[in-house]
Structures are given as C-alpha cells and as structure tokens.
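Contents: one structure, followed by commentary.
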Amino acid sequence: MPPEVVFLNGSFVPYEQAVVPVEDRGFLFADAIYEVIRCYGGRFFRLDDHLERLEQSAAALDIPLPYDRARWAALLDELIRRNGVRDGSVYVQVSRGVAPRSHAWPQGLQPTVVAIARPGGTPPAEAVERGVKAITVPDNRWGLCWVKTTGLLPNVLAKQQAARAGAYEALFVRDGLLTEGTSSNVFVVLDGILYTHPLANILPGVTRAVVLDVARQAGLAVREQAIPAVWLERAEEVILSGTNSEVLAVVEIDGRPVGGGRPGPVFARLREGYLARVAAETGAAVEPGPGA
Ligand code: PLP
C-alpha cells in the first residue's frame with residue numbers, strides 16, 4: 001500500500017500526485033542527499049542526529065537546506081500523523097533542484113524536498129532470532145568508471161570546481177595517473193607521441209575511438225597507456241574528446257600554459273579528421289572552426 005500523502009516542496013500532496021520534473025538533478029546526476037529516520041510509537045528516534053547529518057551532507061555539497069531543525073521536526077511529525085504511521089520510518093531526500101542538464105549547476109536553484117513515511121522497518125523476527133548471512137565484496141564505491149551511470153556526483157562536483165576556477169574541464173588523477181575528464185576523454189602529446197589512458201576503468205568514449213582511428217590513419221604514433229599526471233608539465237599538447245566537446249585543445253592546466261598556450265598541430269589534425277568523419281557519416285556540412 002502506498003502512503004496516503006507525501007511531503008513535496010512545502011506541501012502535503014496525495015502520493016499519486018507527488019511527482020518531480022524529469023530534469024531534477026537528483027534524477028539526472030544523483031545530485032542529492034537523504035536520510036532515513038525511524039519512528040517508534042509515533043516518536044522519532046535520534047531525529048536530531050539525523051538532521052545534523054543531513055545538514056553536514058548538504059553543506060558538503062553546497063545544497064542550501066530550506067528548513068531549520070524545528071521546521072523539519074514539525075513537518076516530519078505531521079507527515080507520520082497524516083499517514084497514521086506510528087512504527088515505521090521516514091525517507092527524506094533533498095536534491096539540488098531542477099535545471100537544464102549540465103554538470104556544473106547554475107546559481108539560485110530551489111532544492112527539491114521529498115519526505116515519504118511508511119510503516120514497518122523492523123527486521124523479520126527470524127533474522128533477529130537466527131541471525132543473517134553476509135558476503136564480502138571489494139569496496140569499489142564508486143569504482144565502475146566504465147559504466148555510463150547517472151551516479152555522477154563526483155563528476156558534477158569536479159566540474160563545478162573547474163567552473164569556479166574559470167576552467168572548462170576537470171581532469172581526474174587516480175593514483176598519480178591521468179585518467180579522463182568529468183565528461184571527456186583526454187589525450188596528451190609528449191615527444192610527438194599521442195598518449196591516452198587505456199580502456200581500463202575509464203568511460204570508453206565513442207569520440208575517443210574516433211580520435212584514435214583518425215590519429216592512426218594520419219600516421220601519428222599512438223600509445224594507449226597510463227599517463228603519469230606529472231607529464232602534464234612537459235606536455236606539448238593536451239586534447240579532450242567527447243560527444244559535446246567534439247575535439248578540443250587544452251591550453252592551460254592549473255594556471256600553467258600547455259605547450260605554447262595555443263591549440264597545437266596534433267589537435268588541428270585530429271579535429272579536422274574528426275569533422276571529416278562527421279561529414280562523411282552524416283552528410284552534414286561541418287565547419288572546421290578556428291584552429292583546425
Ligand atoms: N568520460 C566521461 C566520464 C564521460 O562522461 C564522457 C561523456 O560524457 C566521456 C568520457 C566521453 O565519451 P563520449 O565520447 O562517448 O561522449
């Protein structure tokens with residue numbers, strides 16, 4: 001049985017009418033926080049601790065919480081009362097809000113607040129009496145970078161950091177190795193060789209494959225191998241690839257110019273080759289654009 005009423009953005013609304021826009025960032029990016037709070041006999045257990053953790057999570061993600069603790073307590077009380085829940089739990093979620101899809105977020109978003117009360121939540125008597133089984137798994141939260149998941153919060157936060165620094169992209173460094181961008185793959189030209197991280201726990205970019213193909217056909221020396229981040233200091237060129245980025249030259253990293261601080265010759269060849277593929281495969285007349 002679904003709950004009767006749900007709390008949504010300041011109102012108590014019937015369950016069926018409690019809907020969130022499709023461009024809510026909680027849905028698109030997992031750009032949201034939550035708490036689950038138990039109630040016993042109509043009273044919340046450790047409500048203040050849960051609200052404190054909610055505030056900490058919100059502060060960490062820079063999501064402004066719309067209510068103070070007294071207001072949260074009052075509305076959650078009302079929610080369980082309206083649903084007749086005495087022994088159960090409340091699920092509270094706050095997302096950054098609704099905006100056209102873009103990793104970095106615009107100023108002034110209204111967070112989306114949802115709270116759902118349900119009875120139950122106590123472990124089955126058998127589990128309490130006889131105990132439960134468990135398995136072990138490698139702790140790779142979130143280590144599946146090759147999955148094009150909407151669990152993009154780390155990418156979102158990195159892209160926002162880049163935007164704040166006046167940069168287009170943030171490049172991830174894992175164990176001292178340059179892996180990829182928040183929404184792009186990355187290439188480095190050093191001593192005339194084009195390097196990119198191998199297909200090992202990065203997103204296998206469709207554009208990356210096109211760029212590699214173009215590079216090989218152009219006779220460039222290509223190596224898919226791990227790239228120490230320190231190479232960036234000596235890189236002749238750094239190049240991004242992605243569906244929206246197409247092929248772009250990075251001319252500055254962490255305030256230091258890359259190569260001559262201008263798009264380089266390898267970039268120009270790769271971009272030109274990429275656009276030639278686009279034209280050949282779609283029939284569209286594409287402009288090479290500056291630098292290509
Ligand atoms: N790497 C990451 C993490 C991405 O999210 C993306 C695209 O969004 C890419 C690389 C580039 O992939 P594609 O060329 O398929 O757009």
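General remarks:
- A simple spin-label model places pseudo-atoms 7 Å from Cα toward Cβ; at GLN161 and ASP254 they are separated by 1.1 nm.
- Positive contributions from Lys and Arg (+1) and negative ones from Asp and Glu (-1), summed over other residues with Cβ under 12 Å from the Cβ of ARG43, come out at +2.
- Farthest towards the positive end of the charge dipole of the chain, among the residues VAL19, GLY41, ALA163, is the Cα of GLY41, using unit charges on the Cβ of Lys, Arg, Asp and Glu.
- Distance (nanometres) between label positions extended 7 Å along Cα→Cβ at TYR168 and GLN56: 3.9
- Once the Cα-Cα distance is subtracted from the 0.36 nm per residue extended length, the VAL278 to ALA104 segment shows a gain of 59.9 nm.
- The residues of the chain expose on average 57 square angstrom of accessible surface per residue, using a 1.4 Å probe on protein heavy atoms.
- Averaging 1/r over each pair of different alpha-carbon atoms in the stretch 5-119 and inverting the result gives 14.5 Å, the Kirkwood hydrodynamic radius.
- At R0 = 51 Å, FRET efficiency that the Cβ-Cβ distance of ARG216 and TYR15 yields, to 0.05: 0.35
- Split the accessible area of the stretch 125-282 by element, probe 1.4 Å, and carbon with sulfur accounts for 54%.
- Percent of beta bridges antiparallel (DSSP, the chain, rounded to nearest 5): 90
- The magnitude of the dipole of the chain, with charges of +1 and -1 set on the Cβ of Lys/Arg and Asp/Glu and taken from the Cα centre, is near 300 debye.
- Taken over the Cα atoms of the stretch 125-282, the convex hull encloses 158 Å³ per residue.
- Using a Förster distance of 41 Å, the FRET efficiency for TYR34-LEU199 (Cβ separation, nearest 0.05): 0.75
- ARG130 paired with VAL230, simple spin-label distance in nm, labels 7 Å along Cα-to-beta-carbon: 5.8
The values are calculated or read from the model by the stated rules, or taken from the named source; none is laboratory data. Note that this is a predicted model, so its numbers are computed, not measured. A quick note on method: Cβ atoms are made from the backbone with ideal geometry, for glycine too, and the neighbour counts reach across all protein chains shown. The accessibility values were calculated without ligands, DNA or RNA, using every heavy atom of the protein model including side chains. Shrake-Rupley method; radii C 1.70, N 1.55, O 1.52, S 1.80 Å.
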